[in-house]
Amino acid sequence: MYRFLLTPRWWGINVFVVLAIPFCIFMGSWQLGRFEDRVQDHETATTQHESARREAARPLAELLPVDKATVGKQTTVTGRYDDQLLVPERKMDDREGFYVLTLLRTDGGRALPVVRGWLPGEPDPAKAPAPPTGEVTVTGALQAAESPGSNGVSGRSGWPAGQTGAINAATLLNLVPYDVYDAWVTLNEGDSGMRAVPVSAPQGTGLDLKAFQNLGYTAEWFAFVGFVVFMWFRLARRELELARDAELGIVTEDEEPGGTRDAGESAEPGAAGDEVGEPRAGLTS
């Protein structure tokens, strides 16, 4: 009764199922691993930021280039403030506002972007406090260069003069006439009454939309495993029922309509009488 499983058609079905199930399990496990890695990175980054605030500030040169191990670390830099820019479309406590970004020229000639604080409302140079003059030493949390279109950073271009959408060297080099570090610092305490900007987690370490997409893909792959198994049993059951019907001689819709007759066709020959004109038996003229 189960010989249909050895037919070429079912060989193809069986091979597909045997290959599809482990593949789906592998992909689901891989997506789940990606989600768990993001959760672990998020927890590690949170713990690292909390411990970094308690560590002594280190010179900038010791922490560059910025990576997952150094982002959020306390650093101290000495220099003179130069150009000041505004970074619009930055929210704090669900309020729209902007960063006040000032370039700190160091003794080496390069400038370090320093976010001195946050102000609510539309970006207005008149609202931004002027930076301190003369040589200053700033202490704050080291941050990685921002990428437009990610982590809440605007991806638009064409900002008005004196504004920038992202804090990174590639963008700032087009706005100032000197070299810029591909990193930035947020002060631990806001300057001139501004609110201090909190440390942001490096890209790929937060529980963002991509992390939950990995979790959704995990559910989809494992659901597909169940779907493949369900469809195999459904097809096998249907095939088994057809085989049983064939053994019992039950006519199905797929069979030829053998043994049926037209409505006008007579039954057995002679059952309805003889041919027209033929005398009946026992009758004489």
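What follows draws every value from the coordinates through simple rules; no lab data is involved. Here the structure is a predicted model, which is why all the values come from computation and not from measurement. In this analysis, Cβ positions are derived from the backbone assuming ideal geometry, glycine residues included, and neighbour counts consider all displayed protein chains.
Among Trp30, Trp232, a tally of other beta-carbon atoms within 10 Å of each Cβ gives an order, fewest to most, of Trp30, Trp232. Here the Karplus curve 6.51 cos²θ - 1.76 cosθ + 1.60, taken at θ = phi - 60°, turns the phi angles of the stretch 91-98 into couplings of 9, 9, 6, 6, 10, 7, x, 8 Hz, with x standing for Gly and Pro. When each of Asp107, Asp191, Asp94 is scored by the number of other beta-carbon atoms lying within 10 Å, the sequence from fewest to most is Asp94, Asp107, Asp191. Listed by Cβ neighbour count within 10 Å, with the fewest neighbours leading, Thr218, Thr102, Thr137 appear as Thr137, Thr218, Thr102. For Ala170, the shell of other residues with beta-carbons less than 13 Å away shows a net charge of -3, using +1 for Lys and Arg and -1 for Asp and Glu. Give, as a single signed number, the net charge of other residues whose beta carbon lies under 14 Å from the beta carbon of Arg110, with Lys and Arg counted +1 and Asp and Glu -1. Taking every Cβ under 14 Å from that of Arg110, the sum is -3. Annotation: extensible slack from Ala56 through Leu19 equals 7.7 nm (criterion: 0.36 nm per residue apart, minus Cα-Cα distance). Summarising the amide proton neighbourhood of Ile167: residues at separation of 5 or more, or on other chains, whose placed amide H is nearer than 5 Å comprise Glu146. P(r) tail, the stretch 72-200: Cα-Cα pairs separated by more than 22 Å, 27% of all pairs.
Could you work out the local net charge near Trp11, counting Lys and Arg as +1, Asp and Glu as -1, over the other residues with Cβ closer than 14 Å to its Cβ? Net of charged neighbours comes to +1.
If the chain linking Arg156 and Phe233 were pulled fully straight, counting 0.36 nm for each residue of separation and taking away their Cα-Cα distance, it would gain 22.4 nm. Distant-in-sequence amide contacts of Arg195, defined by a placed amide H-H separation under 5 Å and a gap of 5 or more residues or a different chain, comprise Trp118. Over the stretch 72-200, Cα pairs under 8 Å with separation of 6+ residues give a relative contact order of 30 percent. In sequence order, the stretch 101-116 has phi-based couplings of 10, 10, 7, 9, 7, 8, 5, x, x, 7, 10, 9, x, 10, 8, 7 Hz under the Karplus curve 6.51 cos²θ - 1.76 cosθ + 1.60, θ = phi - 60°, and Gly or Pro positions carry x.
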